[in-house]
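So the structure is just underneath, and the comments pick up after that.
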Amino acid sequence: MPETVANEYAVKRSSRRARIARPVRVRPPDPRDEHFEDLPVSVNASKDGIYFTSRRKSYYKGRRVFVTFPFRSPHDPMNCEYVAVVRVEELPNSKIGVAVHLKLSMNYSGSSAFARERFPESIRL
């Protein structure tokens, strides 16, 4: 990544990223969207977001998805995050890099907590 681009993203970040390779589960939140379940591995993460690589080409800036991180098993109780894709970049070997930003954190015990950034009125749950 060119140094000027790396510096631009570093200025926008509100928290530091840690290099961490853990399984991630990504699914669409809307049943009307094409269903998929992507199981990429994270490259780095912070308290506000995750960066992972994938071969799936259906990610685009602004897309909303559910992310479970770290993902252990479909049989574990899952905490999942409602996130927005904030950056997609082409990588070698037909891969893409995807950066997502936390919007809403949910667990399946029936509670949810809003992150610092609230949903715009048009998509508030």
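Couple of notes before you dig in:
- Scanning the stretch 61-72 for residues that are in contact with a Lys or Arg (Cβ under 8 Å, 6 or more places away or on another chain) and either loosely packed, with under 11 Cβ neighbours inside 10 Å or not in a strand (DSSP E or B) (or both) yields K61, F69, P70, F71.
- Near pairs, Cβ below 8 angstrom, 6+ apart or cross-chain, from the stretch 27-48 (under 19 Å from P74 (Cα atoms) and touching a residue at least 24 places away in the same chain (Cβ under 8 Å)) to any residue that is of a type in the set (G, A, S) and surrounded by fewer than 17 Cβ atoms within 10 Å (Cβ to Cβ): S42/A21
- Test result for R116, of a type outside the set (V, I, T) and either modelled with pLDDT of 85 or more or touching a helix residue (DSSP H, G or I) at 6+ places or on another chain (Cβ under 7 Å) (or both): no
- Of the residues making up the stretch 49-80, just one is free of Cβ contacts under 8 Å to residues at least 40 places away in the same chain, closer than 17 Å to L102 by Cβ and hydroxyl-bearing (S, T, Y), namely Y59.
- Residue among H101, H75 that is at pLDDT below 90 and either surrounded by 17 or more Cβ atoms within 10 Å (Cβ to Cβ) or not hydroxyl-bearing (S, T, Y) (or both): H75
- Scanning the stretch 34-60 for residues that are among the aromatic types (F, W, Y) and either buried (at least 18 other Cβ atoms within 10 Å of the Cβ) or within 21 Å of I20 (Cα to Cα) (or both) yields a count of 3.
The values are calculated or read from the model by the stated rules, or taken from the named source; none is laboratory data. Quantities reported herein were computed from a predicted structural model and do not represent experimental measurements. Glycine gets a Cβ as well: all are built from the backbone with ideal geometry, and neighbour counts include every protein chain shown.
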